[in-house]
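Peer 1: If you scroll down you'll find the structure; I have some questions about it.
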Amino acid sequence: MKSLTDDPKIKEWLDHQTQNLEELGKSALFASIVTPNYLKSPECMLQLGAALCLGKPIVLVVFDRTDIPPKLAQIADKIIMASSENPSSAGVELEAYIKDFLE
């Protein structure tokens, strides 16, 4: 019987996810832009779960009043509320948080 990983598309996806997770392991923190589509994405949830398992600080930039599941809010170290009408304000807040974090 063939293994699931014998499928070239599955192997390519797994290789890509492995590369992403290896890069996450090298990072100081995990920052992500949260939209309704983000919350439905298996890839995004995989990366978020890996960040949690690796003990990375988690920073969420939440656009346009996206509803954050309560448990996600509990694990986030920082939640930055943003508006698509003025996204630069979120960038300024994120930059300040990262700067403080790295000092």
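Peer 1: Do you know the relative contact order of the chain, to the nearest whole percent, from alpha carbon pairs under 8 angstrom that are 6+ apart?
Peer 2: Relative contact order here is 20 percent.
Peer 1: Let me ask you something else. Picking from 98, 53, 86, whose Cα lies most toward the positive end of the charge dipole for the chain (charges on Cβ: Lys, Arg +1; Asp, Glu -1)?
Peer 2: 53
Peer 1: Kindly provide the helix-only [θ] at 222 nm of the chain, computed as the sum of -39,500 (n - 2.57) over DSSP H runs of four or more divided by all residues, to the nearest 500 deg cm²/dmol?
Peer 2: Taken over the chain, the calculation gives -17500 deg cm²/dmol.
Peer 1: Within the set 26/71; 2/40; 11/56; 78/99, which residue pairs have Cα atoms separated by over 20 Å?
Peer 2: Pairs exceeding the cut-off: 26/71; 2/40; 11/56.
Peer 1: Taking the Cα atoms only, what angle lies between the long axis of helix 8-26 and the longest principal axis of the chain, rounded to 10 degrees?
Peer 2: 40 degrees
Peer 1: I've got another one for you. Between residue 5 and residue 41, what is the label-point separation in nm under the 7 Å Cα-to-beta-carbon projection?
Peer 2: With each label point 7 Å from Cα toward Cβ, the separation is 2.5 nm.
Peer 1: Starting from the stretch 1-59, pick out the trypsin sites (Lys or Arg not before Pro) whose DSSP state is loop and whose Cβ has at most 13 other Cβ atoms within 10 Å.
Peer 2: Listed in order of number, the matching sites are 2.
Peer 1: Also, quick follow-up: Identify the trypsin sites (Lys or Arg not before Pro) of the stretch 58-103 meeting these criteria: DSSP loop state and at most 14 other C-beta atoms within 10 Å of the C-beta.
Peer 2: The qualifying sites are 65.
Peer 1: With Cα extents along the principal axes in Å as the read-out, I listed [x] 36, 31, 25; [y] 38, 35, 23; [z] 53, 30, 24; which label goes with the value calculated from this structure?
Peer 2: Answer by label: [z].
Values in this text are rule-based calculations from the coordinates and carry no lab data. Keep in mind that this is a model prediction, so the values were computed, not measured. No Cβ is skipped: glycine too gets one built from the backbone with ideal geometry, and neighbour counts run over all protein chains shown.
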